[in-house]
Amino acid sequence: MADTPLFLGSEIYRGSSYGAWHPLRIPRVSTVIDLARALGWLGPDQYRTSPRAKPAALTGFHTRRYVAALHRAERDQQVPEAIRARHNIGTPSNPVFPEMYSRPATAAGASLLAGELLARGGVVHSPAGGTHHGLPDRASGFCYLNDAVLAVQALRRNGARRVAYVDIDAHHADGVEHAFARTPEVLVISTHEEGRWPRTGGLGDRGVGQVFNLPVPRGLNDSEMALIRDALILPQVAAHRPDAVVLQCGADAVLEDPQSRLALSNRAHWAVLRALRPMAPRLLVLGGGGYNPWTVARLWVGNWAVVNDREVPDRLPAAAQDVLRGLHWTRQGSTRQIRPEPHWITTLADAPREGPIRPEIRDRIGMLAGRRAA
């Protein structure tokens, strides 16, 4: 196993935006890179520039026709109505913007490269990854390509016969389940807010026995996530005996995110990552959702700290605070800037957000655990 975790990034994310009104108008990956460097945690020995995936490399999951349409839409900066209807691009959720092919193809390139880099074991962090809604012939939910599916495929091509895919984003990993529901070698676990778009991922979905969906009620707290980790995620991963683990760590499940009603701290995410890390010789950590620029950066830089066994400081040094202080975020459809909470600037770790464990969560975990036992 490689001793040093690797970070995959690109400067394409620094100047690229889905548009001034879109939830992904905020800087994310570029802030993670800047914050990790300001902390002295990301030197040139660990950083790799992500390649842009070539169209042919994307057809392991996506159709040639769709990839060509996405490429043409970036070139022409417009989409005919027939293409919009067929491929769901040029819509409010999946708009036309200058890097609409290049940017997702770079995230996909990172996932494909990660499969190769992990051939002999190790850890790779690709915060631009985790676009888990993309479908073979359509964009969906801000996701033009499904780099998570491509990552699992790349890992399997490079020697990881059995893969555990764990998704703790606030939204169901519908594209990943679509890809692997009939593949017994790929375990798919998704925890997500019930009733939240795309409104899939029911408790009864099972694939060929290796799909485990846990819809959770709004207000999910750290204590409940700890139970989910210990009673569902870790036992199912252990029983699967994976050669590789892929964790999609969407930051939209934390309390301050505008796109969900869950109430986790970033510590809950780090605890899942810390527990999964020793469970397979290959580990790929992806980003995912996350629409508050401060909470996204703090969570994903904390992921990088976890895989490098770095201690998170109680108070950030001045250079790191300057990175976070330089962020700006306006409410959607407004010019009013949101004022960050003081701890979003001065700290990396949230205060724990513990609470009672609700009966419905215990019951749903019990149903899924019983399925494995049966």
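The values are calculated or read from the model by the stated rules, or taken from the named source; none is laboratory data. Just so it is clear, the model here is predicted, and its values are computed rather than measured. Cβ sites come from the backbone with ideal geometry, for glycine too, and all protein chains shown count toward neighbours. These accessible areas exclude ligands, DNA and RNA; they are computed on the full protein's heavy atoms, side chains included. Shrake-Rupley method; radii C 1.70, N 1.55, O 1.52, S 1.80 Å.
Taking θ = phi - 60°, what integer Hz values does the Karplus form 6.51 cos²θ - 1.76 cosθ + 1.60 yield along region 309-324, in sequence order, with x for Gly and Pro?
6, 9, 7, 6, x, 5, 9, 6, x, 4, 5, 6, 4, 4, 4, 6
Rounded to the nearest 0.05, what FRET efficiency do VAL208 and ALA68 have when you use their Cβ-Cβ distance and R0 = 51 Å? Present the calculation step by step, with values, prior to reporting the outcome.
Working: r = 32 Å, r/R0 = 0.63.
Computed FRET efficiency for VAL208 and ALA68: 0.95.
Taking the Cα centre of region 199-270 as origin, work out the dipole magnitude from +1 charges on Lys and Arg Cβ and -1 charges on Asp and Glu Cβ, in debye rounded to 20.
On the way: 7 positive and 8 negative charges, 37 e Å.
For this selection, approximately 180 debye.
Restricting the count to DSSP beta bridges whose residues both fall in the chain, what percent are antiparallel, rounded to a multiple of 5?
Details: 3 of 35 bridges.
The answer is about 10 percent antiparallel.
Please report, as a whole percent, how much of the solvent-accessible surface of region 262-374 comes from carbon and sulfur atoms (probe radius 1.4 Å). Spell out each step's value before the answer.
Numbers: 2640 of 5250 Å².
That fraction is 50 percent.
Give me, ordered by chain and number, the residues 5 or more places off PHE212 or on other chains with an amide H under 5 Å from its own placed amide H.
VAL188, ILE189, SER190
What is the percent carbon and sulfur in the accessible area of region 72-197, measuring with a 1.4 Å probe over the protein chains and ignoring ligands? Could the numbers behind the result be given before it?
Numbers: 1950 of 4030 Å².
Whole-percent figure for carbon plus sulfur exposure: 48.
Towards the positive end of the charge dipole of the chain, with charges on Cβ (+1 Lys, Arg; -1 Asp, Glu), say which of TYR165, THR106, ILE89 has the farthest Cα.
Comparing the listed Cα positions along the dipole, ILE89 ranks first.
Roll a 1.4 Å probe over the protein chains and send me the accessible area per residue for region 1-100 in Å². Show your work: numbers first, answer last.
Details: 4790 Å² over 100 residues.
With the other protein chains kept in place, region 1-100 gives 48 Å² per residue.
Each residue of region 169-184 in turn: what ³J(HN,Hα) in whole Hz from Karplus with 6.51, -1.76, 1.60 and θ = phi - 60°, glycine and Pro shown as x?
5, 5, 10, 5, 7, 5, x, 5, 4, 4, 6, 10, 4, 9, 10, x
Putting +1 on Lys and Arg Cβ atoms and -1 on Asp and Glu Cβ atoms, find which of VAL245, ASN292, LEU316 reaches farthest to the positive end of the dipole of the chain.
VAL245
For region 167-291, what is the accessible area per residue in Å², given a 1.4 Å probe and the full set of protein chains? Can you show the working numbers first?
On the way: 3680 Å² over 125 residues.
I get 29 Å² per residue for region 167-291.
If you count, for each residue, the other Cβ atoms within 10 Å and average over each peptide, how do 135-144, 242-251 line up from highest to lowest?
Numbers: 135-144: 20.8, 242-251: 27.0.
Descending packing order for the listed peptides: 242-251, 135-144.
When the dipole is taken about the Cα centre of the chain, and only Lys, Arg (+1) and Asp, Glu (-1) are charged at their Cβ, what size is it in debye, to the nearest 20? Could the numbers behind the result be given before it?
On the way: 45 positive and 35 negative charges, 143 e Å.
So the magnitude is around 680 debye.
Go ahead and run the numbers for FRET between ARG358 and ARG325, Cβ-Cβ distance against an R0 of 45 Å, rounding to 0.05. If you can, show how the numbers build up before the last one.
Details: r = 38 Å, r/R0 = 0.83.
The calculated FRET efficiency here is 0.75.
How large is the helix-only mean residue ellipticity at 222 nm for the chain, computed as the sum of -39500 (n - 2.57) over DSSP H runs with n ≥ 4, divided by its residue count, in deg cm²/dmol to the nearest 500? Write down the numbers at each step before the final one.
Numbers: 13 runs with 132 residues, N = 374.
Only helices count here, giving -10500 deg cm²/dmol.
With a cut-off of 8 Å between alpha carbons and a minimum separation of six or more residues, what is the relative contact order of region 212-311 in percent?
Values: 132 pairs, mean separation 32.7, N = 100.
Relative contact order here is 33 percent.
With a cut-off of 13 Å, note down the residues of region 287-328 whose backbone N falls inside the zone around a label point 7 Å from the Cα of ARG261 toward its beta carbon.
none
Looking at region 1-80, which chymotrypsin sites (Phe, Trp or Tyr not before Pro) are DSSP coil and have at most 16 other C-beta atoms within 10 Å of their C-beta?
TRP21, TRP41
Work out the FRET efficiency for SER17 and GLU341 from their Cβ-Cβ distance, taking R0 = 22 Å, and round it to the nearest 0.05.
Details: r = 24 Å, r/R0 = 1.08.
After rounding, the FRET efficiency stands at 0.40.
Under a 5 Å amide H to amide H cut-off, with H placed in plane at 1.01 Å, what residues pair with ARG199 once short-range neighbours are removed?
Those lying under 5 Å, H to H, from ARG199 are HIS172.
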